[in-house]
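What follows draws every value from the coordinates through simple rules; no lab data is involved. Keep in mind that what you see is a predicted model, and the values were worked out from it rather than measured. Because the Cβ atoms are built from the backbone with ideal geometry, glycine has one as well, and the counts that use them run over all protein chains shown.
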Amino acid sequence: MGVVRQRLAVIRSAIGPSRPGRLGKMDIERLVGSIRRECINDVIVLGKVHLRKSLKLYAHYHNRLRTYLSLDKDAPIHRAARHAGTIVAIPMLGGLHHHCVRF
């Protein structure tokens with residue numbers, strides 16, 4: 001095994017114990033990438049206040065309204081499905097995203 005390790009240039013490194021309740025660097029990078037792709041890249045930011053408002057609206061959309069395949073196309077905060085009525089698209093983030101509901 002030592003010969004194989006030398007040929008492949010495998011380097012052993014010590015990894016510290018994980019700290020519960022803390023996000024890792026990769027988690028933060030993934031979050032920032034999602035925010036950039038889904039929100040900031042398509043919005044012209046007019047200042048700090050506008051950026052904060054846009055991020056607040058995006059966080060609300062992302063955490064309460066957006067559906068996830070891992071949750072069987074449901075939002076993290078479950079809402080009852082309506083089977084009758086007209087489908088209406090409500091624009092979110094100035095029309096960047098839409099929340100479709102039945103009325």
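Among the trypsin sites (Lys or Arg not before Pro) in region 44-103, those placed in a DSSP loop whose Cβ has at most 11 other Cβ atoms within 10 Å are 73, 79, 82. Residues whose amide H falls under 5 Å from that of residue 99, counting only those 5 or more places apart or on a different chain, are 90, 92, with hydrogens built in the peptide plane. Relative to its residue count, region 23-102 spans a Cα convex hull of 112 Å³ per residue.
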